[in-house]
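A.B. asks: Just dropping this structure here.
The values are calculated or read from the model by the stated rules, or taken from the named source; none is laboratory data. What you see is a predicted model; the values in this text were computed from it and never measured. Every residue, glycine among them, receives a Cβ derived from its backbone with ideal geometry; neighbour counts consider all protein chains shown. Heads up: the accessible areas ignore ligands, DNA and RNA and are worked out on the full protein's heavy atoms, side chains in. Shrake-Rupley method; radii C 1.70, N 1.55, O 1.52, S 1.80 Å.
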Amino acid sequence: MDFPGLELKIRMMLVAGPDTRVFVPVRLYYKDTDPYAVQFSFDVTPDKVVPWTFARELLDQGLTAPAGIGDVKITPIGSHQNRRLSIELESSDGYARLEGPVASVEAWLAKTFEVVPAGRESESVDIDSFLNELLTH
């Protein structure tokens, strides 16, 4: 049976400047065929969607302490009762910082670990099919 994946749709605040904050739709997606990764995208406009892929482990670490270097940084912010999540994304095309609810991301991430437990990701990767596809192209 094909696992359809886990999706979370939430709204996060795009911090565009010191005085400019805009709510944007955000989608997180997890599929057991790519068990190490989380797909993350947000809508800048209805026609412009910004996609990112980063490590599920990075998202997990960033829920409780600052995590990441380089292109993706994830940090919990605010007091324990009012905790939010900051996700910073940087590339040659630009920079974006989004802030949103920790609780819904935590609950969604817990479901991904039910599907593929931490440390067992390699069991979900069909390395033979991957190598076969690489070698035929």
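A.B. asks: For a quick check of your reading of the model, give me the residue pairs whose first member lies in segment 93-107 and is within 16 Å of Gly78 (Cα to Cα) and touching a residue at least 40 places away in the same chain (Cβ under 8 Å), whose second is small (Gly, Ala, Ser) and part of a strand (DSSP E or B), with beta-carbon atoms closer than 6 Å and at least 6 apart or on different chains.
C.D. replies: Glu99/Ser86
A.B. asks: Can you give me the number of residues within segment 25-45 that are buried (at least 19 other Cβ atoms within 10 Å of the Cβ) and β-branched (Val, Ile, Thr)?
C.D. replies: 2
A.B. asks: Select from segment 47-88 the residues that are in contact with a Lys or Arg (Cβ under 8 Å, 6 or more places away or on another chain) and either surrounded by 14 or more Cβ atoms within 10 Å (Cβ to Cβ) or not in a loop (DSSP other than H, G, I, E, B) (or both) and list them in ascending order.
C.D. replies: Across segment 47-88, the qualifying residues are Gly62, Ala67, Pro76, Ile77, Ser86, Ile87, Glu88.
A.B. asks: Then there is this: Within segment 22-37, which residues are at pLDDT 90 or above and either touching a strand residue (DSSP E or B) at 6+ places or on another chain (Cβ under 7 Å) or assigned to a strand (DSSP E or B) (or both)?
C.D. replies: Correct list: Val22, Phe23, Val24, Pro25, Val26, Arg27, Leu28, Tyr29, Tyr30, Ala37.
A.B. asks: State which residue is nearest to Phe23 (Cα to Cα) when the search covers only segment 89-108 and only residues that are in a strand (DSSP E or B) and open to solvent by 70 Å² or more (accessible area, probe 1.4 Å).
C.D. replies: Per the stated criteria, the residue is Tyr95.
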